[in-house]
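Engineer: Supplied in structure tokens, the structure appears directly below.
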Amino acid sequence: MNIQKHKNKAFTLAEVLITLGIIGVVASMTLPALIASNRNKQLESALKKEYSLISQALDFYNAEYGVRITPENTSHTTLKTKLLPYFKISRDCGRGSEGTAEELEKTCIPNYGNEGTTEKSSKTYTNLNGKNYIDLTRFDDGQFVLIDGALVLIENANAGQLFISVDVNGYGKRPNRLGQDLFMFEINDKGALLPMGVAGTFYYGENNEYCNSSSTNSMNGAGCTYKALNEKDYFNNLPK
């Protein structure tokens with residue numbers, strides 16, 4: 001009986017290297033897109049979560065005191081005091097402006113104003129397309145960090161304006177851009193929490209200057225919250 005011997009054909013080293021090279025090229029082309037897509041989904045989910053938590057806090061206050069928080073019944077810098085009991089926080093950052101230099105250093109996002117340290121404090125968040133640093137005066141009347149890491153920033157200085165902003169993934173994580181991971185809300189005179197950018201809010205622009213990838217406005221991104229919550233592909237089209 002004849003026994004036929006078969007030789008197993010193996011890949012050569014050159015073929016293995018070529019295959020690995022092709023895999024590397026494909027991975028380098030697709031991996032950044034996958035990472036960006038995953039990050040965008042996380043930002044979208046986080047925004048919806050924090051929106052819900054802030055809305056619940058306002059509802060809890062209403063249930064306890066029988067009145068909704070409005071600009072009319074909220075005096076200077078008291079919004080934080082009203083809201084704080086209804087959040088689970090990991091850090092109270094104080095106000096964010098005024099006080100001694102030591103007190104400002106303990107805040108999460110200090111606003112030094114025009115006292116020579118403006119350069120340090122202004123380079124905190126950029127606008128939507130990353131071309132300008134934003135004005136911190138809209139975020140310095142109360143600050144605290146939630147247990148999930150989100151940073152809440154309050155504006156309660158000017159008459160008739162109550163703004164609640166949230167960095168949904170925390171200041172320590174990029175991109176630190178207005179309209180990308182930092183989003184603004186406004187409490188109107190009826191006590192309703194409105195996503196900034198909807199008609200009637202402070203940063204609603206008929207010319208779309210507050211939410212436009214090509215806008216040069218220093219507060220570009222402030223009016224993006226409404227779009228971020230309502231447009232399906234908003235996070236997939238963020239400026240690089």
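The values are calculated or read from the model by the stated rules, or taken from the named source; none is laboratory data. Since the model is a prediction, treat every value here as computed from it, not as a measurement. With ideal geometry, Cβ positions are generated from the backbone for all residues, glycine too; neighbour counts draw on all protein chains shown.
Engineer: Check off (1) closer than 22 Å to ARG91 by Cβ; (2) surrounded by fewer than 23 Cβ atoms within 10 Å (Cβ to Cβ); (3) of a type in the set (Asp, Glu) for GLU206 and give me the number that stays unchecked.
Structural biologist: With respect to (1) closer than 22 Å to ARG91 by Cβ; (2) surrounded by fewer than 23 Cβ atoms within 10 Å (Cβ to Cβ); (3) of a type in the set (Asp, Glu), GLU206 is out only on (1).
Engineer: Residues that are small (Gly, Ala, Ser) and touching a residue at least 12 places away in the same chain (Cβ under 8 Å): which strands (runs of 3 or more DSSP E) entirely in the range 138-240 hold 1 or more of them? Even if it seems obvious, please write down each step before you answer.
Structural biologist: On the way: elements: 143-146, 151-155, 163-167, 182-187, 193-195.
Correct list: 163-167.
Engineer: Follow-up question, since we're still on this one. Please go through (1) surrounded by 12 or more Cβ atoms within 10 Å (Cβ to Cβ); (2) assigned to a helix (DSSP H, G or I); (3) modelled with pLDDT of 70 or more for LEU17 and return the number of the only condition it doesn't satisfy.
Structural biologist: Status for LEU17: all satisfied but (1).
Engineer: Filter the range 201-236 down to the residues that are among the basic types (Lys, Arg) and under 15 Å from the mean Cα position of the chain (by Cα) and list them by number.
Structural biologist: Here is the first cut: in the range 201-236, the ones among the basic types (Lys, Arg) are 227, 232.
Listed by number, the list holds a single entry, LYS227.
Engineer: With the structure loaded, tell me whether ILE109 is part of a loop (DSSP other than H, G, I, E, B), aliphatic (A, V, I, L, M) and in contact (Cβ under 8 Å) with a residue 12 or more places away in the chain or whether it fails that test.
Structural biologist: Numbers: part of a loop (DSSP other than H, G, I, E, B): yes; aliphatic (A, V, I, L, M): yes; in contact (Cβ under 8 Å) with a residue 12 or more places away in the chain: yes.
Criteria met by ILE109.
Engineer: Restricting attention to the range 167-184, which residues are surrounded by fewer than 24 Cβ atoms within 10 Å (Cβ to Cβ) and either under 20 Å from ASP59 (Cα atoms) or not aromatic (Phe, Trp, Tyr) (or both)? Reasoning before the result, please.
Structural biologist: Within the range 167-184, the first condition is being surrounded by fewer than 24 Cβ atoms within 10 Å (Cβ to Cβ), and the residues that meet it are 169-177.
Those that are surrounded by fewer than 24 Cβ atoms within 10 Å (Cβ to Cβ) and either under 20 Å from ASP59 (Cα atoms) or not aromatic (Phe, Trp, Tyr) (or both): ASN169, GLY170, GLY172, LYS173, ARG174, PRO175, ASN176, ARG177.
Engineer: Considering the range 139-163 alone, what residues qualify as being of a type in the set (D, E, K, R) and crowded, with 24+ Cβ neighbours inside 10 Å?
Structural biologist: Looking only at the range 139-163, we keep the residues that are of a type in the set (D, E, K, R), and these are 140-141, 148, 155.
Answer for the range 139-163, where residues must be of a type in the set (D, E, K, R) and crowded, with 24+ Cβ neighbours inside 10 Å: ASP140, ASP141.
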